[in-house]
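J.: Before anything else, here's the structure in question.
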Amino acid sequence: MKFKIAENSLFAILLRSPWWASFALAAGVFAAARLVLAEAYAVFIALPFAGIGVYTFGKQIRAPSAAQVAQAREALRAMSWEEFSGVVEQAFRNEGYAVTRIDGAGADFELTKANRISLLGCRRWKTARTGIEPLRELQAASREREAHACIYVAAGEVTDTAKSFAAKHNIQLVHDAELARLLPRSGRPKARQA
């Protein structure tokens, strides 16, 4: 069973915030607790916030910069379908998935890992804005193939409506920083020369 933290809980908000916010909160909690408790107890109370600060610092330091994301997006858009699908296929193989190309509406790959099947849709990766329609097609393909999960890859902007639809139907969106992180540094595509 996968543990899921409530979206608007303090810890979830801190996980989405800059790393220094958790450390500032930890210092404030320590100072307030120190007024009424012994130092050891105050440290114990502030420790979870400091731990989140360490975790978010590590996560944010490894995240690609906005320039790297833009560079990866442009390089991906310059690729043909054959090149792009090969890069995506290899990236998921590197993540430990068995990858099978499929022909059909909504999904381009079937990913298998630990006897769980996921469908991956990415054929419309060059679209400037992704709306709900390709996500609906992926969801329909998922129901038809009885897949456990859905993943959609987009190099362009994903509309807020599409993000809401994806969250409601448990479709993992891979775009922007996630897309740049998915591609291995050594195999990162280079933009074509004009």
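J.: Within the stretch 149-168, is there a residue that is charged (D, E, K, R) and modelled with pLDDT under 85? Steps first, please.
T.: Of all residues in the stretch 149-168, those charged (D, E, K, R) come to 157, 160, 163, 168.
Pick out the ones that are also modelled with pLDDT under 85 and you get 157.
Checking the stretch 149-168: at least one residue is charged (D, E, K, R) and modelled with pLDDT under 85.
J.: Could you run through the stretch 133-169 and say how many residues are buried (at least 22 other Cβ atoms within 10 Å of the Cβ) and among the polar types (S, T, N, Q)?
T.: So the count comes out to 2.
J.: Check every one of the helices (runs of 4 or more DSSP H) wholly within the stretch 1-98 and list those with 2 or more residues that are among the aromatic types (Phe, Trp, Tyr). Can you show your working first?
T.: On the way: elements: 10-16, 19-36, 39-62, 66-77, 81-94.
Where helices (runs of 4 or more DSSP H) fall fully within the stretch 1-98 and carry at least 2 residues being among the aromatic types (Phe, Trp, Tyr), they are 19-36, 39-62, 81-94.
Results for (1) among the basic types (Lys, Arg); (2) at positive phi; (3) outside any strand (DSSP E or B), shown as yes or no for each residue.
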{"site": "106", "(1), (2), (3)": "no, yes, yes"}
{"site": "112", "(1), (2), (3)": "no, no, no"}
{"site": "117", "(1), (2), (3)": "no, no, no"}
{"site": "120", "(1), (2), (3)": "no, no, no"}
{"site": "126", "(1), (2), (3)": "yes, no, yes"}
{"site": "144", "(1), (2), (3)": "no, no, yes"}
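J.: What's the number of the only condition in (1) more than 18 Å from residue 181 (Cβ to Cβ); (2) loosely packed, with under 13 Cβ neighbours inside 10 Å; (3) outside the structural domain of residue 155 (by TED's automatic domain parsing) that residue 58 fails to meet?
T.: Here residue 58 clears every test but (1).
J.: For the stretch 61-86, enumerate the residues that are surrounded by 18 or more Cβ atoms within 10 Å (Cβ to Cβ), touching a helix residue (DSSP H, G or I) at 6+ places or on another chain (Cβ under 9 Å) and either among the aliphatic types (A, V, I, L, M) or modelled with pLDDT of 80 or more (or both).
T.: 69, 72, 76, 79, 84
The values are calculated or read from the model by the stated rules, or taken from the named source; none is laboratory data. In this text the structure is predicted, and so the values were computed from the model without any measurement. When we count neighbours, we look across all protein chains shown, and the Cβ atoms used for this are built from the backbone with ideal geometry, even at glycine.
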